[in-house]
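The values are calculated or read from the model by the stated rules, or taken from the named source; none is laboratory data. Since the structure is predicted, the reported quantities are computational estimates derived from the model, not experimental observations. Heads up, the Cβs are rebuilt from the backbone with ideal geometry, glycines too, and the neighbour counts pull from every protein chain shown.
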Amino acid sequence: MAIPRLILYRDAALADASGPSLQQGISVLVAGQRILAIRPTSNEGILHPDARIVDAGGSTIVPGMVDAHSHVTLPGGSHWIDRGFDAPDLLLQVAEHNGDLLSHAGVRWARDVGSPQAIDPRDGRKRALALRVRERWRADPTRPKMRVAGTWIAHSGVLQPGLDIEADDGPALLAAAKAQLDDGADLLKLYLDGPKKEEAPWSAEDVRAVVEMAHGRGAFVTAHSGFLAGARVGIDGGVDSLEHGFELDSDAVAAMARQKMFLVSTLAIFRSWASFSSTTTIPRFVSDDGKERIARRRERAVESVRLAHRAGVRIAAGTDFGGGSLRANHLAWEVESLVEAGLKPWEALASATVLGGELLDDPDAGRIFEGGPADFFLVHGDPLTDPTALWRVWRVAWLTVPRTGP
Ligand SMILES: [Zn+2]
């Protein structure tokens, strides 16, 4: 058996997101895909003669990030909705490109909360494309690790027909949810915006029946929530997390904190849309009306996250890349947005790392520790005080881990 090659990352700083202070003068020894030791550089101990040394001086080690809201089969950009109807083969190529973008941006985990369905050539069954990507990437330790929600489950008249599974009452909702789990989904994604913004598409009892069924099968339930009516039904129905939460109030966040629900923030969407006012000619982004509407929604969404944070709700960071207009290497933008919403930079980094791991219920994800996976990357600057440091990626440990010995 080949001995895993040893790599020593010498004399870096370490930002583990457990507090505001950076540790300097740290050496991390990696064997294959595991972290063997984390030591002060002044006390590395006796080093194996075959260990390869990476002089990491001036860089900062950061835990591999978790993009808690992603759509790996979709490319994003200003025509993001149209791209959902591209041919499945093309979308699978998009996923491979997104896998490269994620890794090189320091994102180790992608929680996929919706992909189009297509016939799977292995058995002829129609199911969410991201399930196929998950299987493919499982076999390659350098590819992103995934959790997959299958496809979107929504009331008719909300999403573009053909993209989602439509369910207009409780029994149809439960049947759709069961079918997603039968297909192999790790979690469920309910779309809690209804055809009318003031009305949720289902009752809290309908949602609760899905949550009980899913929990019984070891799966989590999350809910898209653009408006307050849907958020309330999600909270009363006992879902595990709300996505976006663009319109929360103090009662909603208090209940979320009590129920230990997660909020997955996606505030950078509004920054992306604002950028389209100068980079596109699309009226909803460039017109005065459109710009004002986006600015208003952004302000309300930032306020929701601020309320949630103050109430003690755990917040995980997501880009909504693909399902929205961001690209797969933009998670740093969301960390910046969380700082705007009142989180300290180190708390915002925790939202993109360790809290993302808690949301996935994976004790290894978003953390750095001896014996844990060598899932870290190195940037320049201090992301505990300056989120823009996350854009300056120098090196990604899991991409440099050789699979066999020398
Ligand atoms: Zn989304």
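Would you point out the residue of segment 106-127, among those that are over 26 Å from A316 (Cα atoms) and acidic (D, E), that is nearest to the ligand (Cβ to nearest atom)?
Result: D120.
Test of understanding: among E334, E247, which residue is of a type in the set (D, E) and assigned to a helix (DSSP H, G or I)? Steps first, please.
Numbers: E247 fails: assigned to a helix (DSSP H, G or I).
Matching residue, one of E334, E247: E334.
G32 is checked against (1) closer than 24 Å to P373 by Cβ; (2) among the small types (G, A, S); (3) touching a helix residue (DSSP H, G or I) at 6+ places or on another chain (Cβ under 9 Å) and fails just one. What number does that condition carry?
For G32, the exception is condition (3).
For segment 221-239, give me the residue count where each residue is away from the ligand (no atom under 16 Å from the Cβ) and touching a helix residue (DSSP H, G or I) at 6+ places or on another chain (Cβ under 8 Å).
7
Which condition number does S103 fail, the rest of (1) closer than 25 Å to E243 by Cα; (2) without any contact (Cβ under 8 Å) to a residue 40 or more places away in the chain; (3) surrounded by 15 or more Cβ atoms within 10 Å (Cβ to Cβ) being met?
Result: S103 fails condition (2) only.
Regarding segment 298-310, can at least one residue be identified that is over 13 Å from the mean Cα position of the chain (by Cα), in contact (Cβ under 8 Å) with a residue 12 or more places away in the chain, within 16 Å of the ligand (Cβ to nearest atom) and surrounded by fewer than 24 Cβ atoms within 10 Å (Cβ to Cβ)?
The answer is yes; a qualifying residue exists.
Could you please tell me which pairs satisfy a Cβ distance under 9 Å, a separation of 6+ or placement on different chains, a first residue in segment 75-91 that is farther than 13 Å from L163 by Cβ and in the same structural domain as T319 (by TED's automatic domain parsing), and a second residue that is in a helix (DSSP H, G or I) and β-branched (V, I, T)?
These pairs meet every condition: P75/V94; S78/T279.
What single numbered condition from (1) assigned by TED's automatic domain parsing to the domain that holds A149; (2) more than 22 Å from L29 (Cα to Cα) fails to hold for L390?
The number of the failed condition is (1).
List the number of the failed condition for H97; all other conditions in (1) modelled with pLDDT of 95 or more; (2) surrounded by 15 or more Cβ atoms within 10 Å (Cβ to Cβ) hold.
If we test H97 against (1) modelled with pLDDT of 95 or more; (2) surrounded by 15 or more Cβ atoms within 10 Å (Cβ to Cβ), just (2) comes out false.
Would you check if there is a residue in segment 7-27 being on the phi > 0 side of the Ramachandran plot, modelled with pLDDT under 95, hydrophobic (A, V, I, L, M, F, W, C) and surrounded by 15 or more Cβ atoms within 10 Å (Cβ to Cβ)?
Yes: one or more hits.
Of the residues in segment 61-83, how many are within 14 Å of the ligand (Cβ to nearest atom) and in contact with a Gly (Cβ under 8 Å, 6 or more places away or on another chain)?
Number of matching residues: 12.
Across segment 69-94, which residue is surrounded by the fewest Cβ atoms within 10 Å (Cβ to Cβ) among those that are of a type in the set (V, I, T) and outside any helix (DSSP H, G or I)?
Within segment 69-94, the subset of a type in the set (V, I, T) is 72-73, 81, 94.
Now narrow it down to the ones that are outside any helix (DSSP H, G or I): 72-73.
Numbers: V72: 31, T73: 29.
Among those that are of a type in the set (V, I, T) and outside any helix (DSSP H, G or I), it is T73.
Identify all residues within segment 248-270 that are within 16 Å of the ligand (Cβ to nearest atom) and either modelled with pLDDT under 95 or not aliphatic (A, V, I, L, M) (or both); write none if there are none.
The answer is F262, S265, T266, F270.
Looking at D206, D123, D140, D182, which one is assigned to a loop (DSSP other than H, G, I, E, B) and farther than 30 Å from F376 by Cβ?
Going through D206, D123, D140, D182 in turn, just one is assigned to a loop (DSSP other than H, G, I, E, B) and farther than 30 Å from F376 by Cβ: D123.
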